[in-house]
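Taking it in order: structure first as structure tokens, then the write-up.
The values are calculated or read from the model by the stated rules, or taken from the named source; none is laboratory data. Note that the structure is predicted; figures quoted are calculated from it, not measured. A quick note on method: Cβ atoms are made from the backbone with ideal geometry, for glycine too, and the neighbour counts reach across all protein chains shown. Accessible surface is based on the protein model in full, side chains and every heavy atom, while ligands, DNA and RNA are left aside. Shrake-Rupley method; radii C 1.70, N 1.55, O 1.52, S 1.80 Å.
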Amino acid sequence: MPGVIGDFTHGTAELRPRFRLTMGDYVSALEIARDGGVCIAGLGDGRLVGFDLTTGEERFAIAAAHTGSVLDVSISPDGRCFATCGQDEVARVWSAEGSLVRELPGGGSAWVEHVAWAPAGGRIATASGKKLCVWMPDGERIVETEPLASTVTALAWRSDGSGLAATCYGGVHILPFVAGAKIRHLAWKGSLISLAWSPDANVIACGSQDGSVHFWRLKSGQDSQMSGYPFKPKALAWDSESKLLATSGDAAVTVWEFRGKGPEGTQPLQLEGHQGLCTRLAFSPRRAVLASGSQDSSVLLWEPRKHGKPIGFAVLEDEVTGLCWHPEHHTLVGADASGTICGWDVA
């Protein structure tokens, strides 16, 4: 497909599609259940669609799940429910079959823009405007914060569910869910737009409005910054060992090494192949294999430490808006702005 991806395709494996679906609208959210049985897509027209990850067969479809676009989808760890939010003032919890279970009000007039189910502990976090709320699955609200300095831009749970991080102008706020612990503020004078908490829980990384990536080592409180990105780093991804941090902010993917004394004073890996701005990043949960998606519609696979060129590629129809992995690594799902969703076998 000339003009879409680079010249590396000679000798690079094209990913084999297992299924290809057409949703008919922008895919704005995409998530795979922890057991790998189902993938749920949120769409720009407010629909939710769940489909089988092996065959692509539709499991359920919910028309007008939210007013306007679906903004976020988060599946419970046990796969029995999932939570969503959109361009309205409530988050909603659904059964695995797509039936409405309950609504979680945002606590104000702003949209609920973010929803995140804790990896453990059975809690659901929502962000609406400047406020954070945390809920139990039965709908009991156990936390409602005072308004933060500005609109919440991202949420991320600690890997064991014992803490919740939220970004806004002025830094990162961490809410603990451990007896006796206090709220922590990682101060930074700037607007943070993306957030990734390392799986080992030691580092929080954030993309910034000013074209930099800022990170904090939580044990020591030490913070550092990697600057010089030509565009805002909206996509961040950690590998499963918390040693590699992949960042967007250009057509090339920049990967920072956190082993040894890095990344301060070291040169990052530059993965070049996309012709358009990188829009999505996702590391496999099983291997140090990175998937990247671009405005140019290409999806590339990398082994950052082993190869400077992609080890696999695929092409969608439009800008890549979603990438997620099957928990056992064998399937990658990608989605785009035209409504195409594709599942590829990954050898």
Residues being basic (K, R) and open to solvent by less than 30 Å² (accessible area, probe 1.4 Å) - total across the range 189-202: 0
Residue tally, condition in a loop (DSSP other than H, G, I, E, B) and surrounded by 18 or more Cβ atoms within 10 Å (Cβ to Cβ), over the range 312-334: 3
Scope the range 146-195; condition of a type in the set (V, I, T) and under 29 Å from G211 (Cα atoms); matching residues: T151, V152, T153, T167, V172, I174, I183, I193
Qualifying residue in the range 126-138 (condition: touching a residue at least 40 places away in the same chain (Cβ under 8 Å) and farther than 29 Å from P199 by Cβ): no
Checking D88 against (1) of a type in the set (D, E); (2) surrounded by 16 or more Cβ atoms within 10 Å (Cβ to Cβ); (3) over 22 Å from the mean Cα position of the chain (by Cα), the condition it does not meet: (3)
Subset of the range 203-217 [buried (at least 18 other Cβ atoms within 10 Å of the Cβ) and either at pLDDT below 95 or under 18 Å from the mean Cα position of the chain (by Cα) (or both)]: V203, I204, A205, C206, G207, S208, V213, H214, F215
